[in-house]
Amino acid sequence: MNFRSIFSKTAQKHERLASQAVVPDPQRCVQCGICSYNCPLGIDVRLHALQGLAVVESKCLTCGECVKRCPRGVLRFDAAPLEQITLKAAK
Amino acid sequence: MSLYAIIGSGAAGLAAANAIRARDPAGQILILTADPHVHYSRPGLAYVLSGELPEKQVYQFPREFFARQRFEFVQSGVQAIQTDAHTLRLEDGRALRYDRLLIATGATAAMPEPPGMQLEGVVKLDSMADCQHILNLARRTRRAVVVGGGITALELVEGLAARGVEVHYFLRGDRYWSAVLDEVESRIVERRLAHDGVEIHYHTNLVEVLGQKGRVTAVQAEENGRPLTLPCQMAAFAIGIQPRMELAVQAGLKVQRGIIVDDHLRTSAPDVFAAGDVAQVFDAQSGQYLLDSLWTPAIQQGRAAGANMAGGDVIYEKKFPFNVTRLAGLVTTIIGRVGKGETAGGRPKGDADVAGIMRGDSELWRLSPEAVAAQTYAGDNRLRLYLKDNVMVGAVVMGDQTLSRPIQVLIQEQVDLGELRAALLSDNADLARLLGDFWEGYQVKHAAKIA
Ligand SMILES: Cc1cc2nc3c(=O)[nH]c(=O)nc-3n(C[C@H](O)[C@H](O)[C@H](O)COP(=O)(O)OP(=O)(O)OC[C@H]3O[C@@H](n4cnc5c(N)ncnc54)[C@H](O)[C@@H]3O)c2cc1C
């Protein structure tokens, strides 16, 4: 389908702009914890979703397990908000 | 120092407690709860039932977090509220004073009243205790009957099936969840259930639960007017929920289907607030007071109520309640106004299987929009869009979720779709492509805002 290719073009664009991170949409989240349970590195993704924060930890492998397993489409790969990236750099 | 009392340790109660603490570092916060498991993701219970999650995973906050917030938990049901005296009477006999009170008692499963409901093996799914009980029984259950509708009925059906139980699903009408889904969507769900080995019985009414030695051994029903006796070891019910408002009724607060609250979550009594499933909240758009049984609105209401209890001036707006859930394995987003707009007894109408509202449901979904466009594509994927003038006010996205978030943004931001309206409403429109292309353009224009 036409729009799919456009979607993936947008995704590539984002990739060039900034490295991708797991970004939550807190409104969708019911805090079930499937994301944290399936993270191979034990990152508490659910807590990020609660606080509306992208997962910018350097240990995140961006393996996509949490994105794939979330039953409610809370998580997606996207550019992390700029202020969070700056915060991380300042740490 | 202010003394805050919160009845209920669920989504709304905890959100309120956190909001109070954020504004009032010194105040005393008492959380009174009848739930021995205190706080966990209630929607997550479905995944514990299906075996996708271990029980310990659905507890959201570690104990240390509660300690850090200085929440004081009182493990007791509340029996009565005296609003004049600003006191509570607890089931354990104690009396407590409060300055500000929040009622966040949630809702409980409504149960039908055929004979046999006291038998072991009759179950519902409200709480962690219920979930544990079902899992214990499931080990010696070969066959179960599920009665009811909406999301929770399917969670029971699928959870039990995942545990190796043979499941028979009773529907009173001729299709699944007719209050929110259209016929095409109902049939998609039913076909997938049947494919997974679930036997659906249409036009079937439960007459009696039969038992021996205190345990369920069969159910007696009427299927298409003919008697049916089905041996089974479990009868599970999800026929709707009932807001737990006995305390409010007894205290003389204004109630209807839930506790009536204004846009600040204030009840009719001074210093008493209500939030979550128990609250019937003013919706400015429709001018009606409506019930939801949704996790995120419960949190948003709790937050607003907590802030206002601590002296804030926060208005809660219902806007476009939505839920993303799995129906027979298909991820489904339901958002905004998608109903037929039918009413019964002055409230948005339910369907044959559900009395009133159920879990993961909103009365607002049943309100009527103006124009509708629908498309089924590539198998079981489905889009149904509702327009009012030039904006989208509701949608159902079933299966492929590529457009779920774009549609959520278009609805919540009330984006002008004037240029698309005619195309969307034309015969055989390719809605997915039209919206996908529109979204692409919108994103470019609003890149900064969306990121
Ligand atoms: C199986 C299931 C699936 C669900 N699926 C979804 C979904 O897909 N999406 C969605 O958005 N929502 C879903 N929900 C609904 C969601 O969980 C609720 O909307 C939400 O939990 C409401 O929060 P609340 O704080 O109002 O009430 P609750 O979380 O029910 O908490 C109420 C609390 O009050 C306590 N209480 C009640 N009476 C008293 C009393 N007299 N004294 C002391 N304590 C009392 C109870 O013990 C409990 O702790 C689901 C719920 C269930 C059970």
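Things to note:
- Residue among B:Gln69, B:Gln75, B:Gln79, B:Gln57 that alone is within 21 Å of the chain's Cα centre (by Cα) and either at pLDDT 95 or above or within 14 Å of the ligand (Cβ to nearest atom) (or both): B:Gln57
- Restricting attention to segment B:417-451, the residues being open to solvent by 60 Å² or more (accessible area, probe 1.4 Å), more than 14 Å from chain A (Cβ to nearest Cβ) and of a type in the set (Gly, Ala, Ser) number 1.
- Hey, B:Gly148 away from the ligand (no atom under 13 Å from the Cβ) and closer than 23 Å to B:Gln220 by Cα or not: no
- All positions within segment B:308-326 that are at pLDDT 80 or above, surrounded by 14 or more Cβ atoms within 10 Å (Cβ to Cβ) and either within 11 Å of chain A (Cβ to nearest Cβ) or away from the ligand (no atom under 16 Å from the Cβ) (or both): B:Asn308, B:Ala310, B:Gly312, B:Val314, B:Phe320, B:Pro321, B:Phe322, B:Asn323, B:Val324, B:Thr325, B:Arg326
- Pairs linking a residue in segment B:1-24 that is of a type outside the set (Gly, Ala, Ser) to a residue that is away from the ligand (no atom under 15 Å from the Cβ) and open to solvent by 20 Å² or more (accessible area, probe 1.4 Å), with Cβ atoms under 6 Å and 6 or more positions apart or on different chains, are B:Met1/B:Ala26; B:Leu3/B:Gln28; B:Leu3/B:Asp99; B:Tyr4/B:Arg100; B:Ile20/B:Ala310; B:Arg21/B:Gln69; B:Arg23/B:Ala310; B:Asp24/B:Ala310.
- Residue check for B:Ile200: touching a residue at least 40 places away in the same chain (Cβ under 8 Å) and either more than 12 Å from the ligand (Cβ to nearest atom) or within 14 Å of chain A (Cβ to nearest Cβ) (or both): no
- A single entry from A:Leu82, A:Leu50 fulfils the requirement of being in contact with a helix residue (DSSP H, G or I) (Cβ under 7 Å, 6 or more places away or on another chain), among the hydrophobic types (A, V, I, L, M, F, W, C), at pLDDT below 95 and surrounded by fewer than 18 Cβ atoms within 10 Å (Cβ to Cβ): A:Leu50.
- Filter result for B:Ala218 (under 27 Å from B:Thr33 (Cβ atoms), more than 22 Å from the chain's Cα centre (by Cα) and more than 16 Å from the ligand (Cβ to nearest atom)): no
- Residue in segment B:371-391 that is at pLDDT below 80, more than 14 Å from chain A (Cβ to nearest Cβ) and surrounded by fewer than 24 Cβ atoms within 10 Å (Cβ to Cβ) present: yes
- In segment B:126-146, the condition of being crowded, with 23+ Cβ neighbours inside 10 Å and at positive phi is met by no residue.
- Yes/no for B:Val249 being under 18 Å from B:Gly8 (Cα atoms), open to solvent by 50 Å² or more (accessible area, probe 1.4 Å) and modelled with pLDDT of 95 or more: yes
- Here B:Ala355 fulfils each of the conditions (1) open to solvent by 20 Å² or more (accessible area, probe 1.4 Å); (2) within 16 Å of the ligand (Cβ to nearest atom); (3) at pLDDT below 70 apart from (2).
- For segment A:61-74, the candidate set comprises residues that are in a loop (DSSP other than H, G, I, E, B), within 10 Å of the chain's Cα centre (by Cα) and more than 12 Å from chain B (Cβ to nearest Cβ); within that set, the residue that is farthest from B:Arg326 (Cα to Cα) is A:Thr62.
- Matching residues in segment B:283-296 - criterion: being out of contact with any helix residue (DSSP H, G or I) (no Cβ under 6 Å at 6 or more places or on another chain) and open to solvent by less than 20 Å² (accessible area, probe 1.4 Å): B:Asp283, B:Asp292, B:Leu294
- Test: residue in segment B:261-282 that is within 16 Å of the ligand (Cβ to nearest atom) and open to solvent by 40 Å² or more (accessible area, probe 1.4 Å): no
- In segment B:393-416, the residues that are open to solvent by less than 10 Å² (accessible area, probe 1.4 Å), in contact (Cβ under 8 Å) with a residue 40 or more places away in the chain and within 11 Å of another protein chain (Cβ to nearest Cβ): B:Val397, B:Ser404, B:Gln408
- Only strands (runs of 3 or more DSSP E) whose full extent lies in segment B:89-158 are considered here, and the ones with at least 1 residues that are without any contact (Cβ under 8 Å) to a residue 40 or more places away in the chain are B:95-97.
- If you check B:Ala34, B:Ala67, B:Ala17, B:Ala11 for being more than 29 Å from B:Thr152 (Cα to Cα) and aliphatic (A, V, I, L, M), only one passes: B:Ala67.
The values are calculated or read from the model by the stated rules, or taken from the named source; none is laboratory data. These figures come from a predicted structure and were not determined experimentally. Cβ sites come from the backbone with ideal geometry, for glycine too, and all protein chains shown count toward neighbours. The accessibility values were calculated without ligands, DNA or RNA, using every heavy atom of the protein model including side chains. Shrake-Rupley method; radii C 1.70, N 1.55, O 1.52, S 1.80 Å.
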